[in-house]
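First up is the structure itself, then whatever we jot down about it.
The values are calculated or read from the model by the stated rules, or taken from the named source; none is laboratory data. Predicted model only: the values in this text are computed from it and were never measured. Reconstructed Cβ throughout: ideal geometry from the backbone, glycine too, with neighbour counts over all protein chains shown.
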Amino acid sequence: MKTMLDVDELVFSPPELGCVLYLLGLPGGGSKIYDRSPYGIGGTITGAVWKLSEGGVWCLDFDGTDDYVNLGTDSRLAFTTAFTLKLWVNLDTVSQTACPYARGWSYSAKKGMRILVVTGGKWYLQLGDGSNRPAAVSDDNATVGWTHLVATFSGGVGKLYRQGIVQAGTLSLTSIVYQDNDAYLGAGETPTDSNMDGKIALVELSSNVWTDQQIADSFDREKYLFGVW
């Protein structure tokens, strides 16, 4: 089995079956980010700017104040019973509360999903069913630098993985209920809520639930593109 990718493979290889969002970060000019999944959902960039990773992967750099990407309200981003979300995140500081990804999130209504880092450096996956908003917690402190994050939800159980390894804490609920608002990169409930200070790359959302081995393999294949060993 091949253990590493190169940039050309990322650009030209089709996404895996089940993929509904595949943001490689290929800058096409203007304010758009393009989706290489079969659905072409994409998004609109506000403020964030393109940078290259150590391995030549395009990523978006967010200033922590008012930068975000709006991915819209496409129903294909609102899985209720099963999904896998993978992305690479590079925090500029751990002294923040920020959402690299959120979809239909409302803290007060207890709806939607988000990946969150809180001040002091803890990663969370939070899901809401309209009555509860339990969280799966990463048991290791978040650090400045590139981090491979994967969230899965299946059989009523959510899990959060960091650097290819499942972290302590799981959450349980029957299904996810979404608030009627957009999906964001770099922001949470609104475009100015929990803004990300740092970089985001290689976002992939799938209806297939990846196994522990698939998640570990994803990290091993891609880590050198971000200078992680």
note = Residue hits (the stretch 1-47; part of a loop (DSSP other than H, G, I, E, B) and modelled with pLDDT of 95 or more) are GLY47
query = Listed residues ALA168, ALA136; which is small (Gly, Ala, Ser) and more than 16 Å from LYS86 (Cβ to Cβ)?
reply = ALA168
note = Of the listed residues (ASP61, ASP129, ASP92), the one being touching a Lys or Arg at 6+ places or on another chain (Cβ under 9 Å), within 19 Å of GLY155 (Cα to Cα) and acidic (Asp, Glu) is ASP129
message = Show me the strands (runs of 3 or more DSSP E) found entirely inside the stretch 48-105 where at least 2 residues are under 29 Å from ASP129 (Cα atoms) and in contact with a helix residue (DSSP H, G or I) (Cβ under 7 Å, 6 or more places away or on another chain).
response = 83-91
query = Residue check: is ALA136 modelled with pLDDT under 95, surrounded by 24 or more Cβ atoms within 10 Å (Cβ to Cβ) and touching a Leu at 6+ places or on another chain (Cβ under 8 Å)?
reply = yes
